[in-house]
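Enquirer: Here it is: the structure, laid out below.
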Amino acid sequence: MSQVPQLLFKNRRPGETVFIDGYRATGGYQPLEKAFREMTPVELRELVKSSNLRGRGGAGFPTGVKWTFFPADAPGPKYLVCNCDEMEPGTYKDGELLMADPHQLVEGMIVSAYALQTDVGYIFIRYAYEKQAEYLRRAIAEAKEAGYIGKNILGSGFDFELHVHGSAGRYILGEETALLNGLEGQRPNPRLKPPFPATRGLFGQPTTVNNVETIANIPHIISGGAEWFRDLALTPEGSGTKLFGLSGHLNCTECFELPVGIRLGEVVETYGQGVWKNRKFKACLPGGASTPYLTEEHMDVALDFMSLEKVGSRFGTAGVTVFDDQTCMVAATLNLIQFFARESCGWCTPCRDGLSMVRWLLEKFETGKGSPEHLDMLKDQLQNISGNSFCALAEGAMGPVAGLLTHFEQEIIDHIEKGRCPFKS
Amino acid sequence: MVNLTIDGKQITTSKTSTIYEAAKENDIYIPVLCYAKKLLPYGACRVCLVEVEQMKGRLIPSCTTPVTEGMVVTTMSDEIKKVRKTVLEFLLVNHVVDCPVCDKGGECDLQDLTYEYEVVTSRFEGEKFDLPKDEANPFIERNMNRCVLCGKCVRVCDEVVGYGSYSFINRGFETKIATAFDRGLDCEFCGQCVSMCPVGALLPRPFKFKARPWQLKEVNSVCGYCGNGCTVTLGVKDNEVQTIRFNDETGVNDGNLCIRGRFGYSYVNSNKRLTKPLVRRDGVLKEASWDEAIQTAVQGFKDAGEQVGIISGARLTNEELFLVKNLSKALGTENLDHSGGECYKGVTEGLLETLGVRASTATFPLVEKANAILAIRSDFYETHPVFGMVVNQAIRRNEAKLSIIADKFGKLSKLPNARTLLHKPGLELNVLNALCHVIVEEGLAKTEGLNGLDELKAALKEYSAETVAELVGGDADAIKQTARELAGAENAAIMLAYGLPYTAYSKELAIAAANLALLTGIAGRQGSGLYLCGEKANSQGAIDLAILPGGKGMGAQQMLAAAGSGELKALYLVGEDPLVSYPNRSLVEKALEKSFLVVQDIFLSPSAQMADVVFPAASFAEKAGTFTNAERRIQQLHVGIKSPGEAKTDFAILQLLLKELGTSAPATPAEAFKSLAAETPGYEMVSLDMVGPQGYVWGGDNLEPELKQLVPVAGAQPLADKYQLLVGSALYHSGTLSTHAKGPNAAVAAPYIELGREDAAELQLVNDDMLKLKTVEGEIQAKVKVDRRLPKGVFFTPYHFAELELNKIYSGQPAIAVEPVKV
Amino acid sequence: MFKEFAKGLSITLKHLLPGNCTTVQYPKQKLEMSPRFRGLHRLVPTQHREKCVACYLCPTVCPAKCITVESAENEKGEKYPKVYEIDLLRCIFCGYCVEACPVEAIEMTDAYELANFKREDFNFDKERLLKS
């Protein structure tokens, strides 16, 4: 375990938070100094692009490519927004990261802002992360004192303001355009794309929205270089390390920093220390609640974006939730769908009413009132809801349902045939 | 331009259109629920999903997806049909399906789609909501159980009206549309939301359970209230206007209306309408036959000889005004005037002196593209609300910079980034001069071809932004900023609304506005314009047709004075109620009392009660003819219903009078139009066939000024009195006519005196207290309305209500010095 | 030929015998109508009011245009027919009104004795239709 290189969790000690002195002691703010003194914004953007860093917020879009869409050289106000509205069930890595080492995000924000030439940055933080927000504010104040935030940073002529904005707390705020609406003080509905935030984002100005972990990786890429970063991953397509938040029926449910491309089996057995109560592994959500299930047969799958897509799931946020063999997958999926149906913003019909109807169908099965027609209806909804909704919420919500239908259809049929949930006595 | 294929059809369309728009242009049907032409793309209902070959694997919402070159679109397939059907099933899960009692039944988009996609039963079961109905107001009924959450009401209220009454609340399945704090609706009741609602969630209450949509005969006409000239589509059944229908195909208003247009039609059906001619016998007005009434009137006119005066209203059609003019010729009098004689006439005179034209130089839709807008008087939104909506769109869509020269705040001041150049009452001219001063001083003026620049420069010396700001109590930087914006804008608009309550310095104000328009190059430039907006439906027509005193003739005020002194023997009032709406009540009273008075009106107005002969006339819904709106657009009225009783259209009455006088009259309004077009400047080339659904703008979109003459005008000094009363127009009313309509009356039924919070606190007044305002001339009293829009020491009262007898103290001054006394 | 003649006559004679007569002695005797018979209309009452909600579908579908409905709002805020009239002189008893009714508020009874003395008596208003 110890041979795994630790970037983001380098300073992590149980129950402790590292502030500016501790952060500097392990090389903190040196990448920033390097970037401001030795690199141009263009070089920085090139570096990030060649590092092959992919967004850590769930969608996995290459960050460097995203930054190339950003009109960094255009005049006028531009914004950098950090999405820290982490509300997906099973995902808690950003909270852990900020509890341990908030300065990483602050440094990352400053460097990214320099790369993108934005003079204002916002960290949009989940309402429940009160402690983290407090630490972030302290870290920002420290950084300001140290001259890393403010006017003419390190004599580069670059100005940067960084604000922490507390979310009102809705899952949909994690969608970047809904987040921007929320940040503007409006109801957080997703916005129509195009125009994309890079052209018309926050307050109608060019905006880039990146995840906490993505931004926290940038200083490490600067200090280690793109090639080193790519080589951290165990698969050739992957790059860097990833925070894996383990949860569910495991003996150890903690957050680990592991290389991208690690085998699922290794995560479960070595880090999760096996399924609890000596039970058997049944399924897992590999990347948070909106990813289709993996089963026993996927134990050797490398956890990275490409390989998981090949087996019909997604890497998502790498929040691995494991279910033991005594879990009713219908009930588990119902639980997830209840969350998504409740958290739908109510904008588009397939998500608002469709998810509620999926919930209704799953309730039918779980309570033993389902019929084969209901199963057909559920299968229908995969086609009717996924891909037809306004934003990715409904599509993500249908992820576990898709997994349920691919891997556990027999379980639904058992529910129908027995007229009750077979896992309940 | 972009080429694409939709359903195998090759289509070329503009690159800004969406798939849906491209399909619609080419008559390819795609169903929609949440799409609306005048709103921004939304994409929530997912009924309009189509297949695009380049984006296989998922269905594409056609209403939000822009077209791209070479796109191949399929609008119908088994999969599409299935998905659309499922969407409808989803929508019906919590829909109450009470179509038999829903007034939308028959024109409901959800009903139509359900029928089209044969959604006979829903496979899903879900909770039906039992949300309480919102019937807190008399205009709009909200039944959220029928809502399909298309968001059109939310969007139209925000994007077009600029009021923002609605928003979504809650999440997921429980999402619903609500007002602030989920209370009853309390807004300005323009009813745009009602017109946009695809289902029966928002319905007009006055029309509740009155009829089914298919029973209504739709008649397109022009709203008879203000000079905006909105198309109103009358829904007629049983010879009654049952409702105003939604119509965004015809006219200038894009389907938008204000409370007056949408809910103010009921005076047409009022049972207080005059139905028989009245003749005064033994001092009492008694019903008479038309023959008798006409003969008595003509006899009276003949007895008066040349001492006859005609004062016409500006709600008459062009054809009727033409006959009024003919009548004045037949009577051999040049004493002819309309609408108080001052105000709009004064404005046009000012414009004639500077630009050589007598009308707005551009059309309303151009304002939507303007970069900078200057509104003179805050009442603009209240006198011409639908034009106000155009301004709102200019700001929201085009980020136009709006400045308002105003003595009080209004709706326009609340629009995003609006700058209000607040001034003490009666000092508009000073502010306008200051704007001109800044432009000249900073070298921003477009001086090419301007006459009188040096004189103007000399006269403007005293009007530096700083001096004026100090005098009017404003901010010099704001004035400078506005001037720079106006001078620098590619397209700009200056808007000046006018009506009966503003009779003071109207000509000077127009000159000052024209000076500014000339210096900024707005006058005559393509895309920019100076807008003069008359208060009444045909104010512009009355000016065009020159319903004005002839060479030696007297104007309205002079006529009234002359009649009071016995010099003028007979007065003929056509659709005008001077006793209520003209300044200087004692003068009017005396004039009406002394003269032989013939009044032609649809109600027995206070003026009509003093008449010797009263002719019952017809409302706009009962006549054919044309109105010319404030942007010079000639539009046709169509007969919707028959007049009640023996009432006749003004056209028919004037025909009778002309015949009795032995003169020939055109037989029909169409014939009258032909004759009037021949002799009215600007109308020469216009024939009725040219006046199509969008009307016909005489002079073209941009009217070229004939002159470019700068004329210096002097500003004023503020009144020193502590309390000053402003007279104006209220949003819910127009002239005195709307006080007979249920809708406007339900919103504002009685006169009120509005004052700011500070004054209210100082005078210890709260809402609905009685307040008396004393002046040297007399006193008025009304209930108090405390608001936030008035500066300290300034009161406001609307002039529409007869019972206020405002003109006892109002004699045309810009602000009235008053002494408030709590009753 | 005679044989056929006798046969025919025998049928006639047979019907002369008591019990074999097909003539109904109307009005002493009345026929029972088939359930699908379309006679006089009836408005179905509920406990407090008529079932009809004044949706205007019957006057719309009526090919003879003999139904007059005027809707209004009652004190409970419900839609009800303030006026509901059928002009039986124009009615062609096609039964479309029954078919169109979304709330089964109108039905056709088996009453067929509809003769009357005055034209006005053929105008069935709401009260009469509720009682019929």
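Enquirer: If I ask for residues that are part of a loop (DSSP other than H, G, I, E, B) and either among the β-branched types (Val, Ile, Thr) or within 20 Å of B:LYS15 (Cβ to Cβ) (or both), which ones from the stretch B:66-91 would you list?
Expert: First pass over the stretch B:66-91, keeping only residues part of a loop (DSSP other than H, G, I, E, B): B:67-71, B:75-77.
Passing the criteria: B:VAL67, B:THR68, B:GLU69, B:GLY70, B:MET71, B:THR75.
Enquirer: Just to be sure, is A:ILE140 farther than 27 Å from B:ASP158 by Cα and within 19 Å of the chain's Cα centre (by Cα)?
Expert: Values: farther than 27 Å from B:ASP158 by Cα: yes; within 19 Å of the chain's Cα centre (by Cα): no.
So A:ILE140 does not fit the description; no.
Enquirer: Sticking with this one: So if I check each of A:ARG126, A:ARG191, which one is without any contact (Cβ under 8 Å) to a residue 60 or more places away in the chain, charged (D, E, K, R), crowded, with 17+ Cβ neighbours inside 10 Å and within 14 Å of chain B (Cβ to nearest Cβ)?
Expert: Working: A:ARG126 fails: within 14 Å of chain B (Cβ to nearest Cβ).
Result of the check over A:ARG126, A:ARG191: A:ARG191.
Enquirer: With the condition kept exactly as written, say whether any residue in the stretch B:186-195 is facing another protein chain (nearest Cβ under 8 Å) and hydroxyl-bearing (Ser, Thr, Tyr). First the steps, then the outcome.
Expert: Going residue by residue through the stretch B:186-195, those that are facing another protein chain (nearest Cβ under 8 Å) are none.
Looking for residues that are facing another protein chain (nearest Cβ under 8 Å) and hydroxyl-bearing (Ser, Thr, Tyr), one finds none in the stretch B:186-195, hence no.
Enquirer: Follow-up question, since we're still on this one. Return yes when B:ASP577 is within 27 Å of the chain's Cα centre (by Cα), among the charged types (D, E, K, R) and under 20 Å from B:ARG281 (Cα atoms) and no when it is not. Let's see the steps before the verdict.
Expert: On the way: within 27 Å of the chain's Cα centre (by Cα): yes; among the charged types (D, E, K, R): yes; under 20 Å from B:ARG281 (Cα atoms): no.
Criteria not met by B:ASP577.
Enquirer: Here is a check on your reading of the model: is A:GLY182 crowded, with 22+ Cβ neighbours inside 10 Å and either in contact (Cβ under 8 Å) with a residue 24 or more places away in the chain or among the aliphatic types (A, V, I, L, M) (or both)? Please lay out each step first, then the result.
Expert: Numbers: crowded, with 22+ Cβ neighbours inside 10 Å: yes; either in contact (Cβ under 8 Å) with a residue 24 or more places away in the chain or among the aliphatic types (A, V, I, L, M) (or both): yes.
Yes: the conditions hold for A:GLY182.
Enquirer: If A:LEU243 passes every condition in (1) over 14 Å from A:GLU96 (Cβ atoms); (2) crowded, with 21+ Cβ neighbours inside 10 Å; (3) among the aliphatic types (A, V, I, L, M) but one, which one does it miss?
Expert: Among (1) over 14 Å from A:GLU96 (Cβ atoms); (2) crowded, with 21+ Cβ neighbours inside 10 Å; (3) among the aliphatic types (A, V, I, L, M), A:LEU243 violates only (1).
Enquirer: Pairs needed: first member in the stretch B:23-51, within 13 Å of another protein chain (Cβ to nearest Cβ) and free of Cβ contacts under 8 Å to residues at least 24 places away in the same chain; second member anywhere, among the β-branched types (Val, Ile, Thr) and part of a loop (DSSP other than H, G, I, E, B); C-beta distance under 8 Å; at least 6 residues apart or different chains.
Expert: Final answer for the pair search is B:PRO41/B:THR64; B:GLY43/B:THR64.
Enquirer: Take the residues of the stretch B:68-106 that are in contact with a strand residue (DSSP E or B) (Cβ under 9 Å, 6 or more places away or on another chain) and under 28 Å from C:GLU78 (Cβ atoms): which is farthest from the other protein chains (Cβ to nearest Cβ)? Outline the logic, then answer.
Expert: Initial filter on the stretch B:68-106 (in contact with a strand residue (DSSP E or B) (Cβ under 9 Å, 6 or more places away or on another chain)): B:68-77, B:79-80, B:83-84, B:87, B:100-104.
If we keep only those that are under 28 Å from C:GLU78 (Cβ atoms) as well, we get B:100-104.
Values: B:PRO100: 4, B:VAL101: 4, B:CYS102: 9, B:ASP103: 9, B:LYS104: 12 Å.
Selected residue: B:LYS104.
Enquirer: State the number of residues belonging to the stretch B:154-184 that are away from chain A (no Cβ under 13 Å), outside any loop (DSSP other than H, G, I, E, B) and not aliphatic (A, V, I, L, M).
Expert: So in the stretch B:154-184, the residues away from chain A (no Cβ under 13 Å) come out as B:156-157, B:159-163, B:165, B:179, B:181-184.
Those left that are additionally outside any loop (DSSP other than H, G, I, E, B): B:156-157, B:159-161, B:181-182.
With not aliphatic (A, V, I, L, M) added as a condition, the list becomes B:157, B:159, B:181-182.
Counting residues in the stretch B:154-184 that are away from chain A (no Cβ under 13 Å), outside any loop (DSSP other than H, G, I, E, B) and not aliphatic (A, V, I, L, M) gives 4.
Enquirer: Would you be able to tell me the number of residues in the stretch C:60-81 that are within 14 Å of another protein chain (Cβ to nearest Cβ), in contact (Cβ under 8 Å) with a residue 24 or more places away in the chain and either polar (S, T, N, Q) or out of contact with any helix residue (DSSP H, G or I) (no Cβ under 8 Å at 6 or more places or on another chain) (or both)? Spell out the reasoning first.
Expert: Step one: list which residues in the stretch C:60-81 are within 14 Å of another protein chain (Cβ to nearest Cβ), which gives C:60-62, C:65, C:67-81.
With in contact (Cβ under 8 Å) with a residue 24 or more places away in the chain added as a condition, the list becomes C:60-62, C:65, C:67, C:74, C:78-81.
Applying the additional criterion that residues be either polar (S, T, N, Q) or out of contact with any helix residue (DSSP H, G or I) (no Cβ under 8 Å at 6 or more places or on another chain) (or both) yields C:60, C:74, C:80.
Total meeting the criteria: 3.
Enquirer: Continuing with the same structure: Please go through the stretch C:27-72 and give me each residue that is charged (D, E, K, R) and farther than 25 Å from B:GLN215 by Cα, ordered by number. Working first, answer last.
Expert: Within the stretch C:27-72, the first condition is being charged (D, E, K, R), and the residues that meet it are C:28, C:30, C:32, C:36, C:38, C:42, C:49-51, C:65, C:70.
The answer is C:LYS28, C:LYS30, C:GLU32, C:ARG36, C:ARG38, C:ARG49.
Enquirer: Please note which strands (runs of 3 or more DSSP E) are completely contained in the stretch B:1-64 and include at least 1 residues that are surrounded by 22 or more Cβ atoms within 10 Å (Cβ to Cβ). Steps first, please.
Expert: Values: elements: B:2-6, B:9-13, B:49-52.
Fully inside the stretch B:1-64 and qualifying: B:2-6, B:49-52.
Enquirer: Still on this model: Test of understanding: among A:GLU309, A:GLU395, which residue is surrounded by fewer than 16 Cβ atoms within 10 Å (Cβ to Cβ) and under 26 Å from the mean Cα position of the chain (by Cα)? Step through it out loud before you land on a result.
Expert: Working: A:GLU395 fails: surrounded by fewer than 16 Cβ atoms within 10 Å (Cβ to Cβ).
Every option except A:GLU309 fails the conditions.
Enquirer: A follow-up question, please. Identify the single condition in (1) more than 19 Å from the chain's Cα centre (by Cα); (2) modelled with pLDDT of 95 or more; (3) not small (Gly, Ala, Ser) that A:VAL48 does not satisfy, given that it satisfies every other one.
Expert: Looking at each condition in turn, A:VAL48 falls short on (1).
Enquirer: Moving on. Of all residues in the stretch B:185-216, which are free of Cβ contacts under 8 Å to residues at least 40 places away in the same chain and either closer than 13 Å to B:ASP134 by Cβ or not in a loop (DSSP other than H, G, I, E, B) (or both)?
Expert: B:CYS187, B:GLN215
Enquirer: Can you tell me which residues in the stretch A:315-364 are away from every other protein chain (no Cβ under 14 Å) and among the small types (Gly, Ala, Ser)?
Expert: Answer for the stretch A:315-364, where residues must be away from every other protein chain (no Cβ under 14 Å) and among the small types (Gly, Ala, Ser): A:GLY316, A:ALA318, A:GLY319, A:ALA331, A:ALA332.
Enquirer: In this structure, is B:LYS128 surrounded by fewer than 15 Cβ atoms within 10 Å (Cβ to Cβ), over 38 Å from the mean Cα position of the chain (by Cα), over 22 Å from C:ALA100 (Cβ atoms) and within 13 Å of another protein chain (Cβ to nearest Cβ)?
Expert: On the way: surrounded by fewer than 15 Cβ atoms within 10 Å (Cβ to Cβ): yes; over 38 Å from the mean Cα position of the chain (by Cα): yes; over 22 Å from C:ALA100 (Cβ atoms): yes; within 13 Å of another protein chain (Cβ to nearest Cβ): yes.
Answer is yes for this residue.
Enquirer: Could you please find all residues in the stretch A:375-393 being at the interface with another protein chain (Cβ under 10 Å from one of its Cβ atoms) and assigned to a helix (DSSP H, G or I)?
Expert: A:ASP376, A:MET377, A:ASP380, A:GLN381, A:GLN383, A:ASN384, A:ILE385, listed by residue number.
Enquirer: Also, quick follow-up: I'd like to check something: does the stretch A:160-175 contain any residue that is closer than 19 Å to A:VAL106 by Cβ and assigned to a helix (DSSP H, G or I)?
Expert: Initially, the stretch A:160-175 is screened for residues closer than 19 Å to A:VAL106 by Cβ, giving A:160-167.
Adding the requirement that they be assigned to a helix (DSSP H, G or I) leaves none.
Looking through the stretch A:160-175, none of the residues is closer than 19 Å to A:VAL106 by Cβ and assigned to a helix (DSSP H, G or I).
Enquirer: Could you check the stretch B:272-307 and list, in sequence order, the residues that are of a type in the set (Asp, Glu) and either assigned to a loop (DSSP other than H, G, I, E, B) or at pLDDT below 95 (or both)?
Expert: The first filter runs over the stretch B:272-307 and keeps only residues of a type in the set (Asp, Glu), leaving B:282, B:287, B:291-292, B:303, B:306.
Matches in the stretch B:272-307: B:ASP282, B:ASP303, B:GLU306.
Enquirer: Further question: Which of the residues spanning the stretch B:110-125 are within 14 Å of chain A (Cβ to nearest Cβ) and either assigned to a loop (DSSP other than H, G, I, E, B) or on the phi > 0 side of the Ramachandran plot (or both)?
Expert: Within the stretch B:110-125, the subset within 14 Å of chain A (Cβ to nearest Cβ) is B:110, B:113-114, B:117, B:119, B:121-125.
Residues satisfying the conditions are B:TYR117, B:VAL119, B:THR121, B:SER122, B:ARG123, B:PHE124, B:GLU125.
Enquirer: Answer yes or no as to whether A:VAL81 is in contact with a Leu (Cβ under 6 Å, 6 or more places away or on another chain) and either in a loop (DSSP other than H, G, I, E, B) or not charged (D, E, K, R) (or both).
Expert: Numbers: in contact with a Leu (Cβ under 6 Å, 6 or more places away or on another chain): no; either in a loop (DSSP other than H, G, I, E, B) or not charged (D, E, K, R) (or both): yes.
Answer is no for this residue.
Enquirer: Additional query: Identify all residues within the stretch B:131-151 that are among the basic types (Lys, Arg) and away from every other protein chain (no Cβ under 13 Å); write none if there are none. Please lay out each step first, then the result.
Expert: So in the stretch B:131-151, the residues among the basic types (Lys, Arg) come out as B:133, B:142, B:146.
Selection gives B:ARG142, B:ARG146.
Enquirer: Further question on the same structure: Kindly list the number of the only condition in (1) part of a loop (DSSP other than H, G, I, E, B); (2) in the same structural domain as B:LEU234 (by TED's automatic domain parsing) that fails for B:ARG262.
Expert: Among (1) part of a loop (DSSP other than H, G, I, E, B); (2) in the same structural domain as B:LEU234 (by TED's automatic domain parsing), the lone unmet condition for B:ARG262 is (1).
Enquirer: Continuing with this model, one more query. Cβ-Cβ distance below 6 Å, separation of 6 or more or different chains: which pairs start in the stretch A:11-25 with a residue that is under 15 Å from A:HIS220 (Cα atoms) and end on one that is among the polar types (S, T, N, Q)?
Expert: Note: pairs meeting the criteria are A:ASN11/A:THR26.
Enquirer: Applying the selection to the stretch B:23-57, what residues are within 24 Å of B:ARG155 (Cβ to Cβ), of a type in the set (Gly, Ala, Ser) and more than 33 Å from the chain's Cα centre (by Cα)? Full working, then the answer.
Expert: Looking only at the stretch B:23-57, we keep the residues that are within 24 Å of B:ARG155 (Cβ to Cβ), and these are B:23-25, B:29-50.
Now drop any that are not of a type in the set (Gly, Ala, Ser), which leaves B:23, B:36, B:43-44.
Once the filter is applied, which keeps residues that are within 24 Å of B:ARG155 (Cβ to Cβ), of a type in the set (Gly, Ala, Ser) and more than 33 Å from the chain's Cα centre (by Cα), the stretch B:23-57 yields only B:ALA23.
Enquirer: Do you know which residues across the stretch C:32-83 are of a type in the set (A, V, I, L, M) and part of a loop (DSSP other than H, G, I, E, B)?
Expert: Applying the first criterion (of a type in the set (A, V, I, L, M)) to the stretch C:32-83 yields C:33, C:40, C:43-44, C:53-54, C:57, C:61, C:64, C:67, C:69, C:72, C:83.
If the condition is that a residue be of a type in the set (A, V, I, L, M) and part of a loop (DSSP other than H, G, I, E, B), then C:MET33, C:LEU40, C:VAL44, C:VAL53, C:ALA54, C:ALA64 are the ones that fit.
The values are calculated or read from the model by the stated rules, or taken from the named source; none is laboratory data. Computed from a predicted model, the values in this text were never measured in an experiment. Ideal geometry is used to build each Cβ from the backbone, glycine not excepted, and the neighbour counts take in all protein chains shown.
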